[in-house]
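Q: Dumping the structure here so I can ask a few things about it.
No lab work stands behind these numbers, since they all come straight from the coordinates. These numbers come from a predicted model, not from an experiment. Here the Cβ is made from the backbone with ideal geometry for all residues, glycine too, and neighbour counts use every protein chain on show.
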Amino acid sequence: MFRRLVLPLLLALALPWGAHGQQWSTYRPVGAGFSIDLPGEPTIESETSESAAGPVETHSASVEVGQAGYVSMYTVYPESTGMEADEALDAARDGMLEDGKSKLREENRLTISNIPARRVALYDTESKLVIVNLMVYRNNTLYQSIYAAPPDQEDTDNSRRFFASFKLIER
């Protein structure tokens with residue numbers, strides 16, 4: 001299930017991007033329980049797909065700046081799945097790697113607001129991009145902050161600002 005949600009996103013990130021202005025905006029979807037700053041006005045998308053446990057809702061906001069892409073994404077799973085945080089974070093990481101075109105570069109276990117989190121960096125051999133994904137699983141929601149760029153743009157002021165701005169808030 002994670003593969004079906006993450007792989008189309010990674011493919012979209014592999015496409016060339018046009019330059020956009022760098023007016024930062026805060027993305028805070030109503031009722032989602034988080035906020036994050038994005039370097040421009042995001043393109044918002046939502047979809048619902050069926051799973052064995054019931055409907056799965058995925059919402060994303062994306063911004064492209066030069067050769068870099070920023071995506072804030074959250075997926076709401078049916079409460080009946082009963083997934084624990086580490087299980088959900090492992091599955092999300094594995095889903096990013098299961099096509100065999102990506103190589104894990106680094107994985108760090110973190111906590112954000114005392115909630116288990118992961119920061120996963122991989123190199124996609126097909127698109128030649130480094131993809132860094134900050135993932136947090138709270139209750140039945142997986143939050144992902146994804147930055148993709150060529151290797152020489154992996155660590156920039158903008159990427160650091162993007163990741164540092166992620167905050168869990170009350171729903």
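Q: With charges only on Cβ, +1 for K and R and -1 for D and E, what is the dipole size of the range 2-168 about its Cα centre, in debye, rounded to 20?
A: 320
Q: Rounded to the nearest 500 deg cm²/dmol, what is the calculated helix-only ellipticity per residue at 222 nm for the chain, with -39500 (n - 2.57) per DSSP H run of length n ≥ 4?
A: Counting only the DSSP helices, I get -6000 deg cm²/dmol.
Q: If you don't mind, another one. Using the Kirkwood formula over every pair of different C-alpha atoms, what hydrodynamic radius in Å results for the chain?
A: Radius from the Kirkwood sum: 16.1 Å.
Q: Among the lysines, which have Cα under 20 Å from the Cα of LYS128 when same-chain residues fewer than 8 positions away are ignored?
A: Qualifying lysines at Cα under 20 Å: LYS101, LYS103.
Q: Using a basic spin-label model with each label point 7 Å from the Cα along Cα→Cβ, how many nm lie between ASP86 and GLU126?
A: Taking the simple label geometry, ASP86 and GLU126 are separated by 3.2 nm.
Q: Another question about this same structure. Looking only at the range 22-55, which residues have a backbone nitrogen under 17 Å from a spot 7 Å from the Cα of ARG171 in the C-beta direction?
A: Counting backbone N atoms under 17 Å from the label point, the list is 28-35, 54-55.
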